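K.L.:
What follows is a single structure, and I will ask about it in a moment.
The values are calculated or read from the model by the stated rules, or taken from the named source; none is laboratory data. Source: prediction; values computed, not measured. Glycine also receives a Cβ, built like all others from the backbone with ideal geometry; neighbour counts cover every protein chain displayed. Just the protein is used for accessible areas: all its heavy atoms, side chains included, with ligands, DNA and RNA removed. Shrake-Rupley method; radii C 1.70, N 1.55, O 1.52, S 1.80 Å.
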Amino acid sequence: MKIQNSPFKKYEKIVLEKESSCSRILRKAVLSMFDGNAHKFGLSTLGYLNDEYEEIFHILFNHYLIHGESDDDFLELGRQCYHIEIL
């Protein structure tokens, strides 16, 4: 389902940024939501996020808690993260 103003679309470029360690943590968090595996993501890794990225994590996670996998933008970002981190 297409959800208006999905934060997964809004923050897509930040999450997919390959040179940022904070973006990599966000990708692993999205992957964990996407397929249920840990992908070396634990809550302790959130301590490595700066304030901006921590806020983005909270926004993405809260949106996921409400909408789950019904957000097409979440599913697309999950697939993109999978290709970067797994393949």
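K.L.:
Which number do you get for Rg(Cα) / (2.2 N^0.38 Å) in region 1-60?
P.N.:
After normalising by residue count via 2.2 N^0.38 Å, the value is 1.08.
K.L.:
May I pose another question? For the chain, with all protein chains present and a 1.4 Å probe, just round the carbon and sulfur fraction of the accessible area to a whole percent.
P.N.:
With neighbouring chains kept in place, the figure for the chain is 53 percent.
K.L.:
Round to the nearest 10 and give me the degree value, 0 to 90, for the angle of helix 51-67's Cα axis relative to the longest principal axis of the chain.
P.N.:
Helix 51-67 sits roughly 30 degrees off the main axis of the chain.
K.L.:
Something else now. Where only protein heavy atoms count, and the probe is 1.4 Å, what is the accessible area per residue for the chain in Å²?
P.N.:
Computed with neighbouring chains in place, this is 61 Å² per residue.
K.L.:
For His63, what charge total do you get from the other residues with a beta carbon under 11 Å from its beta carbon, if Lys and Arg give +1 and Asp and Glu give -1?
P.N.:
After counting each charged neighbour, the total is 0.
K.L.:
Further, regarding this structure: If you stretched the chain out fully between Phe61 and Gln4, how much longer would it get, using 0.36 nm times the residue separation minus the C-alpha to C-alpha distance?
P.N.:
18.9 nm
K.L.:
When the helices in the chain are scored as -39500 (n - 2.57) per DSSP H run of 4 or longer and the sum is shared across all residues, what 222 nm value do you end up with, to the nearest 500 deg cm²/dmol?
P.N.:
Result for the chain, helices only: -19000 deg cm²/dmol.
K.L.:
Using Cα pairs closer than 8 Å and at least 6 residues apart in sequence, work out the relative contact order for the chain, in percent.
P.N.:
43
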